[in-house]
Amino acid sequence: MRFLKKFRINFFDVLVVLLLVLVLGSLLYLRTSKKTQWITVRLVAANDEWWFEGSPPQWWYVDNLVVGQTMRNAVGGTTAKIVGLEIFDIGAYKRRAFIDIQLQGSYDTKRQMYLYNYQPIQIGKALDLTFGKNNVHGIITYINELPSYTSKTIEVRIAAIRPWVAQTYKPGLIMKDSQGKPLAEILAVSVYQSQVSEVTEESQRSLKKYQGSLYVDATLQLRIQTFQSGGVDYFVDRAAIKVGEQISFQFPQTIAREAEIIRIVE
């Protein structure tokens, strides 16, 4: 009795206890009332400079990611798993990285949205995950419906390039992703004298003009991988497959930059 008399319970003590019970009860309800399930999302690795995608990372950021890597919680349970990778060079030390991840989450029937760690899973929302030593930060672009690819054959024209650049374009040259999947393959090449009379090049912060006779034009026929959205076909790096649009390809030892689509074969 003497021990109990030392502690005086007032209204605020009761209020604090009730709040703690309410919070713990709410957390327990959220954990037990929502059935966990695997949610597949596609991330495009990026920073948060722009909400829609951000700028692509440098090569080292995604170089060590592999399919099968997992993220675990404090008790060793798997909460996320990499199930697909599509990483390819886009020049200037940068790579485009699409990462397919399964998340251990739930579905909120009231708000009609998926949740992961009690946070909404929404297209355009940033997500931070850790796989071993690798941090993965990206923007969600797909939820449970990943894009399907189809092959298309197109012809492109690259105007006013140096002859030694044109010589690097050969039938059979292939652009691949990190998993070895072909993204674009050159089927045929035609090189001819450029019709431009003068070409201006930027070199060491200065502009220099050269005679057009020093340059050639090249026409390439390529088989490329595309996906469709809103009735429009796109190359994997988001170029619209339309006559007059520009598209670029990063091959292992050369680049076809600012190529104009002149024909969609099939």
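Each reported figure results from applying straightforward, stated rules to the coordinates on display, with no laboratory input. Since this is a predicted model, take the numbers as computed values, not measurements. Virtual Cβ from ideal backbone geometry, glycine too; neighbours counted across all protein chains shown.
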Quiz item: Classify the stretch 150-264: rounded, prolate or oblate, from the alpha-carbon gyration tensor (a ≥ b ≥ c, eigenvalue square roots; a/c under 1.5 rounded; otherwise prolate if a/b is larger than b/c)?
Solution: prolate
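Neighbouring Cβ atoms within 10 Å as the yardstick, rank Val21, Val75, Val41 fewest first.
Values: Val21 10, Val75 5, Val41 25.
Fewest to most other Cβ atoms nearby, the residues stand as Val75, Val21, Val41.
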